[in-house]
Amino acid sequence: MTPTYYLLLSALLFSIGAVGVLVRRNAIVVFMCIELMLNAVNLSLVTFARINADLGGQVMAFFVMVVAAAEVVVGLAIIMAIFRTRRSASIDDTNLLKY
Amino acid sequence: MNPFLAQQMQTVEAPGIDWGAILPMVIVFGAACVGVLIEAFVPKHQRWSGQVVLTLGSIAAAGIALGAYVSGRPEHGVVTMGTTLSIDTPALFLWGTLLALSVAAVLMIADRSVEPGGSFVAQAGIAPGTVQDRAQVQSTGMQTEVFPLALFALGGMMAFTAANDLLTMFIALEVLSLPLYLMCGLARRRRLLSQEAAVKYFLLGAFASAFFLYGLALLYGYAGSVKLADIATAAAGTDRSDTLLFAGLGLLMVGLLFKGSVGPFHTWTPDVYQGAPTPVTAFMAACTKVAAFGGILRVLTVAFEATSWEWRGVMWAVAIISMAIGAVLGLTQTDLKRMIAYSSIAHAGFLLIGTMALTDEGLSGTLFYLLAYGFTTLAAFGVISLVRDSTGEATHLSAWAGLAKRSPLLAGVFTFLLLALAGIPLTSGFVGKFVVFSAALSDGMAPLVVIALVFSAVAAFFYLRVVVLMYFSEPASDGPTVSVPGAFTTASIALGVIVTLLLGLLPTFALDWAGAGGFALGG
């Protein structure tokens, strides 16, 4: 089993996440897509760790997980605040600031 | 044998830490943690004074520690905490800049004279538009968590400018960003705008840092390490896949340029600058820019100097797009905070020109430009926070008509700051542009410098439009009033104006310091 397949899978997952951020309308789903991108990166890191025979990549994946968890805390707090005001998590409704 | 197991069997040695070198950063992070404890244990009415004393005291202490270290520092910098932090002359210069700017920003955050209770919401949990919210606007309370959040962001910025490998850089990027996302959503008035700014900044910021991270992973695959020096070694003459290198560099730069609000990655800037509480906008505009360009300078100089021929064309395009967007769209703005935001996009383009030069003059010029621009824009936001009507700050351009008749002093100060942003001689903006452009010229980027000069002329038009509006039109009868600032805001605006003037008249001192040495390449 060649590790390249995992890199391709990771690139695919990252692209799905990026496209999801651009086309989805619910702030929570957009946020989940960003998490998908971060986890795609984790897969890349672990695969490269395998290819390079170096533990660093695996350790980095843990760092990414911690950062992603911290990001969830802040992100959900902000999304919650705006949901309580507008009763909606759609990012199309947040359109007061433009041009 | 499995290579992972073989690695595990080696004994792990604790990395050596040069405490003297990282003391300023340790003080800032330590004070931020103490600030969180104050929030937990000190009664509500004492928190504001406690937090202000702690925050300003710790920044001052960090400044003293920095000053003590600078006088006896090793000439070529020191790489410490394993190889994760590189405390060299540019890092120390940027630390000094960040600490000085954040003193001014914290003074603005702490100010409670312009509005009773300050610019921050009394309780972020209250939904906007409700009865409680109207009571909240009148109250004198404030979410004092802003102070520890600002310190965490400052510490993250300091780590970011000193990061010697991409992983440290990523962690520092998040440490500086996450508090800023929260601070954006804490305005006392116009809370819908403020919360919207926070959501936009958060989603786009997280999106950009995912790109940064993917770039990190690809470069790790390319070089087998995320240390900047190892990437440079790997890039200098190997037969490894160039795809990984350039895809990684591209994705990495997307994340970094986003933070610096450069060119096509700027879309968040106007919205967030307009929606965030003005002191936070000032903090972001000045300090985040310094940190982001410090990081870009280090990555490009240390890791990618050998491949500069390959990426420089793309960066030319990015710089031109950034200047064009900032200067042209800035012309069409009717809100002052948005206008300064577009001006910051144009300035990001100018800064990128100096960053690309990759020479000693380019480095010192960009560092000087960051110092000069930071103080000017910070003071400009300070002035904007003073012009108010019954609903809060009057940031619409029409409200500023004839302001010179109401308050000649404020109009004069703001005119001076706008001229500095435009780059008129005798201000720091002129010296900054001069050193950056001459560095670019001597590095063979003459066409880019010509384009930059054209766009600075275009940008000068919209600065001067405000000046004309303030001096040569009649004030509206129901126009805004100019608040008399308290000691804190006065001090912060005065600091910005004095530095802008001094750097314009006597730039040599700061230029010498900025040019005192390059990045530490060890690792």
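The values are calculated or read from the model by the stated rules, or taken from the named source; none is laboratory data. Just so you know, these numbers come straight off a predicted model, no measurement behind them. A quick note on method: Cβ atoms are made from the backbone with ideal geometry, for glycine too, and the neighbour counts reach across all protein chains shown. Ligands, DNA and RNA are excluded from the accessible area calculation, which covers all protein heavy atoms including side chains. Shrake-Rupley method; radii C 1.70, N 1.55, O 1.52, S 1.80 Å.
For the reader, a short list of remarks on this structure follows.
- Relative contact order %, the range B:43-152, counting alpha carbon pairs below 8 Å whose residues are six or more apart: 27 percent
- Percent breakdown of C-alpha pair distances by 20 Å bin, ordered from the shortest bin, for chain B: 23, 57, 18, 1, 0
- Ordering B:77, B:92, B:236 by Cα displacement along the dipole of the range B:16-514 toward the positive end leaves B:92 in first place; charges were set at the Cβ atoms of Lys, Arg (+1) and Asp, Glu (-1).
- A simple count of charges around residue A:89, restricted to other residues whose Cβ falls under 15 Å of its Cβ and scoring Lys, Arg +1 and Asp, Glu -1, yields +3.
- Simple rule: put +1 on each Lys or Arg Cβ and -1 on each Asp or Glu Cβ in the protein assembly as shown, find the dipole, and look at B:153, B:356, B:117; the Cα lying farthest toward the positive end is B:117.
- Using θ = phi - 60° and Karplus 6.51 cos²θ - 1.76 cosθ + 1.60, couplings along the range B:183-194 (whole Hz; Gly, Pro as x): 4, 4, x, 10, 5, 6, 10, 6, 6, 4, 4, 5
- Three-way shape call for the range B:347-416 based on the alpha-carbon gyration tensor, with the a/c threshold at 1.5: prolate
- Heavy-atom accessible surface of residue A:84, to the nearest 10 Å², is about 110 Å², with a 1.4 Å probe and all protein chains retained.
- Along each principal axis, Cα extent of the range B:106-261, largest first, Å: 67, 26, 20
- Each Lys and Arg adds +1 at its Cβ and each Asp and Glu adds -1 at its Cβ; summed about the Cα centre, the range A:4-86 shows a dipole of about 380 debye.
- Amide H contacts for residue B:120 (H built 1.01 Å from N in the peptide plane; partners 5 or more residues away or on another chain; cut-off under 5 Å): B:188.
- Stokes-Einstein diffusion for the range B:33-169, with the hydrodynamic radius set to the Kirkwood value over Cα pairs and evaluated at 10 °C in a medium of 1.306 mPa s, equals 94 µm²/s.
- Figure note: B:147, B:472 ranked by solvent-accessible area, largest first, 1.4 Å probe, ligands and nucleic acids not counted: B:472, B:147.
- Across chain B, C-alpha contacts under 8 Å between residues 6 or more apart give a mean separation that, scaled by the residue count, equals a relative contact order of 17 percent.
- Rounded if a/c under 1.5, otherwise prolate or oblate - the range B:280-359, Cα gyration tensor axes: oblate
- Straight-distance crosslink candidates among aspartates and glutamates, where the alpha carbon sits under 17 Å from residue B:200 and sequence neighbours closer than 8 are dropped: A:35, A:71, A:92, A:93, B:174, B:271
- Alpha carbon convex hull of the protein assembly as shown, volume per residue in cubic angstrom: 145 Å³
- Residue-level accessible surface for residue A:86, protein heavy atoms, 1.4 Å, Å²: 60 Å²
- Its residue count N fixes a reference of 2.2 N^0.38 Å for the range A:4-86, and the Cα radius of gyration divided by that reference is 1.26.
- Counting charges near residue B:470 (Lys, Arg +1; Asp, Glu -1) among other residues having Cβ under 14 Å from its Cβ returns a value of +2.
- 5 angstrom amide H check on residue B:85, placed H, neighbours 5+ away: B:80, B:164
- In a simple Cβ point-charge model (Lys, Arg +1; Asp, Glu -1; nothing else charged), chain B has a dipole of about 1260 debye relative to its Cα centre.
- Unsatisfied cross-links (Cα-Cα over 27 Å) in the set B:289/B:433; B:227/B:433; A:98/B:405: B:227/B:433; A:98/B:405
- Rel. contact order, % - alpha carbon contacts under 8 angstrom, at least six apart, the range A:4-86: 26 percent
- Calculated [θ] (222 nm, deg cm²/dmol) that DSSP helices of n ≥ 4 give over chain B, each run adding -39,500 (n - 2.57): -23500 deg cm²/dmol
- Computed accessible area, residue A:35, all protein chains, 1.4 angstrom probe, square angstrom: 40 Å²
- Proximal charge balance of residue B:144 [Cβ under 14 Å; K/R count +1, D/E count -1]: +1
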